[in-house]
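Chemist: Handing you this structure, nothing more for now.
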Amino acid sequence: MKNNNKKIIHKLSGRSLKNNRMRNLFAVVAIGLTSLLFTALFTLGSGMLQMTEEQTMRQIGTKAHGGFKSVTRVEYEILTANPLVKDYGYDVFIGIAANKEFEKRQTEIRYVQPYNLKFGFMKLEDGKLPEKKNEIVLDTIALDLLQIPRKVGEEVALEFDFLGKEYNKQFILSGWYQGDPVIGASTAYVSEEYLNELKKGMTDEEIRKENEESLNRSGAGLYQVNIMFKNSMHIEKNMMEVLADSGLKLDDSHIGINWAYMTEQASDIDMVSAVMLAVVFLVMVLTGFLIIYNIFHISILNDIRFYGLLKTIGTTKKQIKTLVIRQAMVLSLVGIPIGLLLGFLVGKIFMPVILHLSGGISVTGFVLKGNPCIFLFGTIFSLFTVWISCRKPSRIAGSVSPIEALKYTGDIKMKVKNKRTTRGAKISRMALTNLARNKKKTGIVILSLSLSVILLTEIVTLTKSFSLDEYLESMLTGDAMIFSSSMINYRPDLKLSEEFYQNALHQDGVEEGNLLYHNKGAMDHTLTEEGYEQFARLYKEEKLDARDMRLEETLKDNRPISEQRYAYDEVLLKNLRLLEGTLDLEKFRTGNYVIVAPLLYEADSYYHPGDIITLNFTGANPEYKDIKDDKGNVIAQELIYTGQKKYEVMAVADIPYGMTEKRFSLNALTTILSKNELLKMDGLAEAFAASFQVEDEKEAAFTEFLDSYTTQTDPGMAYQTKESLRDDFASMVNGLTLIGCALAFVIAIVGILNFINTMLTSVISRKREFAMLQSIGLSNDQLKKLLLFEGIYYILFTAAISLAGGSFLSLTAVRALNNVAESFNYQFTLMPFLETIPVFLAIVFFVPSIAYRYVRKYSIVERLREE
């Protein structure tokens, strides 16, 4: 019996599909669009993950899952013998090239085991790996900096330090490879024969001792091991297990984890990112639901008599529900594959565009991989959306009784008030009444249309609110800035060249130049009683950075925290953003006052105007004391403070990013002293950057000078101008706009399809009703006008909801970013609303016209005879 029922359901499902060709077409398009949305999202997401992994790997310099640093040959053999290790290789760090040409580009010198190259990104363009003592391989970036032709046999002179001894070696270029600007450093590869010459017969243990006695502890001469496991799951756990099994006494500093693998970062996703991902998924599910649900809901209502007749022959509620779901799944077999293919192609096309517009991302050699998970997740989420969209229509079909189905005319029961009129029924009022007959269907169409307008409004409001002026003000002080290239490469020496500053200052068109100062030492500060109370409060409220190694000690015993200290030429102080207090320049010049900055990611501060704090100073000739371990080896040096002075806090002020070192100490106190006070009290004070105001017509020539000076005269210096920042800003905004508008466009198509489907199916289902109206005097023009008014009401309701919903979200959610996002200045706009509603109106005039032509194909008598 069950098999017979299944056969009957199968036949009925096939017959229903044949009889609903228009519904099927719309359903396939809807399912395909939903699948396209999900697949495009997963493709872009997968691409971004792939790009992030590749970018991070290139920055780290290896594809290996992890590694062990600064180990001996014996330790290397023990560690790699572990059964968890599936593949491995090694290289040996020798030193860093000290040539003046490499001040902007760190260049490491290494010996590499040839097999180990499979874990890296080096591929020889010409030549071979070094074999002889005087042979070397360099990348194109290093060769260009040295102004050496990319030709095997060229001479290369390198200066470097190995285990405390300086070398100046002449090499012969045996090969070269393409340099990668994403990697923060170049690598020069030498031969094993030359490495052995440098070691001078020293054992690995002797080399390790030499490293321990050195302050930099670079691991020069020791093995740097790359390791691959079976997969990228639990890399850190596997590394620790390998170390534990080895029995070696190596601390955590010898272990390296390749954080490029997203499986290692998945657990660290922040709440904001998680919420944003959840919102995107909900919007897509809602988009697919709105159209698929409406299509099947209308179809069920149109076929309600068919389902009622099925009930009369004994078909159960469960069987009818199965029938509807089966139809949806059959249509999914057509729509989903089409959507998967188009979605992947859309994602693949958009990927390089988004990366390009995002700015700062190199797409060289990037090829998007067709990850099977893209299609798996796309299929799963599309089927899920189809399933939830069909549940309610299937319940309606299964619940209808035979008598209700036979009486059904497509109307919903309404309370109607009788009203006498001498002017007859108004077409506009009849149209409004028709929309109210099925409020749920009408509501879904209006919601799907409104969603695209609201989304577009928020996207445009968001992008228009990013202020170029505020971005430039935050990132750059003046029209141009100069500084040491160490600031870009995160090297410690940030001292600005006085010669570079003077040359720039005397260029034609320069109106003024101002210096920015800092204390280059690692300063400490002991919090006052009030400051410690604020520290404890911020810790309790989880507003302090938990990565700070000093955090617990400071909380327990009020141990010193870090301090970053600045001073500026007086004219630059106007760029500070005062949060508390006022800036009295006359008082500030006395040297008895200090300005403090709030914490990096919070508006809170340890101190407030009127507080008295004590700062440490080094004096004119700073001195250091050695810090030794238990064996008497010097492991670090500590700055000796020779004096202290009390200051009154004048103000709390936020320092624009462009006026900082662009590096920050965790939970540090940031202070600003007057320039004269800092230079008088602190022997570690120095200028680290300079800001210039330049005449508008001379900016291009000044930029040309800066570029020439930093590439030819002094590569150790760098610069930044408004023009380069404008390009970065435009890339960021364009990328955001492109993604948002593309999503809004797809949702708009869904809404329009919903509207078209609703109008056409409504007209088809009411053919007999229209015939009855025409038989009692309704003219063809009046019928056309009726359909037109129905469409106009859809748009009027859409406009009202879009305006109200878009304005509400704009004034609440988007406006709230004023306090969160940098360079964001909320600007309310209705332009997307004013531009999209006319487009919808044009469609409204077009669709009823098609529906009207369909009705006119049949005579009134033919339509009245239909059952």
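Chemist: Exceeding 25 Å between C-alpha atoms, which entries from my cross-link table qualify? They are K200/K625; K587/K646; K237/K543; K426/K784; K151/K495. Please report the intermediate quantities before stating the final value.
Modeler: Working: K200/K625 32 Å; K587/K646 15 Å; K237/K543 29 Å; K426/K784 14 Å; K151/K495 36 Å.
The pairs that break the limit, which is 25 Å between Cα atoms, are K200/K625; K237/K543; K151/K495.
Chemist: Something else now. Based on the Kirkwood radius over alpha-carbon pairs, what value in µm²/s does the Stokes-Einstein equation return for the translational diffusion coefficient of region 476-721 at 4 °C and 1.567 mPa s? Mind dumping the intermediate values first?
Modeler: Details: Rh = 19.4 Å.
Translational D for this selection: 67 µm²/s.
Chemist: How do T62, T590, T528 line up, fewest other C-beta atoms within 10 Å first? Provide the component values of the computation, followed by the final result.
Modeler: Values: T62 21, T590 11, T528 17.
By the 10 Å Cβ count, ascending, the order reads T590, T528, T62.
Chemist: I would also like to ask the following. May I ask you to sort I756, I183, I595 by Cβ crowding, counting other Cβ atoms within 10 Å and putting the fewest first?
Modeler: I756, I183, I595
Chemist: Arrange the following residues from fewest to most other Cβ atoms within 10 Å of their Cβ: L173, L753. If you can, show how the numbers build up before the last one.
Modeler: Working: L173 22, L753 18.
Going from sparsest to densest Cβ surroundings: L753, L173.
Chemist: Under the Karplus relation 6.51 cos²θ - 1.76 cosθ + 1.60, θ = phi - 60°, what is the ordered set of whole-Hz ³J(HN,Hα) values for region 381-393, x standing for Gly and Pro?
Modeler: Using θ = phi - 60°, the values come out as 5, 5, 4, 4, 5, 4, 5, 5, 6, 9, 4, 5, x Hz.
Chemist: In debye, nearest 20: dipole of region 63-257 around its Cα centre with unit charges on the Cβ of K, R (+) and D, E (-)?
Modeler: Numbers: 25 positive and 33 negative charges, 72 e Å.
With only Lys, Arg, Asp and Glu charged at Cβ, the dipole is about 340 debye.
Chemist: Run through every distinct alpha carbon pair of region 63-257 and return the Kirkwood hydrodynamic radius in angstroms, one decimal place. Please list the in-between numbers first.
Modeler: Details: mean 1/r = 0.0571 Å⁻¹.
So the Kirkwood estimate lands at 17.5 Å.
Chemist: Stick to Cα atoms and the Kirkwood definition of Rh, then tell me Rg/Rh for region 35-110. Spell out each step's value before the answer.
Modeler: On the way: Rg = 19.0 Å, Rh = 16.3 Å.
Dividing the radius of gyration by the Kirkwood radius yields 1.17.
Chemist: What is the sum of charges, Lys and Arg at +1 and Asp and Glu at -1, for the other residues whose Cβ falls under 10 Å from the Cβ of S191? Present the calculation step by step, with values, prior to reporting the outcome.
Modeler: Details: positive: K132, K133; negative: E131, E135, E192, E193, E197.
My count for the surroundings of S191 gives -3.
Chemist: Are there trypsin sites (Lys or Arg not before Pro) in region 522-585 that DSSP marks as loop and that have at most 11 other Cβ atoms within 10 Å, and which are they?
Modeler: Details: sites: R537, K540, K543, R547, R550, K556, R565, K574, R577; in loops: K543, R547, R550.
Loop-located and lightly packed - R547.
Chemist: What number comes out for the charge environment of S691, summing +1 per Lys or Arg and -1 per Asp or Glu over other residues with Cβ under 13 Å away?
Modeler: Working: positive: K574, K722; negative: E473, D479, E511, E512, D569, E570.
Result for the local shell: -4.
Chemist: For a test of the definition: using alpha carbon positions, the gyration tensor, and the 1.5 limit on a/c, classify region 584-728 as rounded, prolate or oblate.
Modeler: Values: a/c = 1.98, a/b = 1.34, b/c = 1.48.
Because a/c hits 1.5 or more and a/b fails to exceed b/c, region 584-728 counts as oblate.
Chemist: Further question on the same structure: Taking a cut-off of 18 Å between Cα atoms, list the aspartates and glutamates near K128, but don't count ones fewer than 8 places away on the same chain.
Modeler: D91, D139, E154, E155, E192, E193
Chemist: Go through region 661-712 and name the trypsin sites (Lys or Arg not before Pro) that are in a DSSP coil and have 11 or fewer other Cβ atoms within 10 Å of their Cβ.
Modeler: Values: sites: K662, R663, K675, K680, K698; in loops: K662, R663.
Taking region 661-712 and a limit of 11 other Cβ atoms within 10 Å, the loop trypsin sites (Lys or Arg not before Pro) found are R663.
Chemist: Which ³J(HN,Hα) values, rounded to whole Hz and listed in residue order, are derived for region 672-686 from phi using the Karplus coefficients 6.51, -1.76 and 1.60 in 6.51 cos²θ - 1.76 cosθ + 1.60 with θ = phi - 60°, glycine and proline given as x?
Modeler: Karplus values, whole Hz, x for Gly and Pro: 10, 9, 5, 4, 4, 5, 5, 5, 6, 8, 10, x, 9, 6, 7.
Laboratory data are not the source of any read-out in this text; all were calculated from the coordinates shown. A quick note: this is a predicted structure, and the numbers were derived from the prediction, not measured. Heads up, the Cβs are rebuilt from the backbone with ideal geometry, glycines too, and the neighbour counts pull from every protein chain shown.
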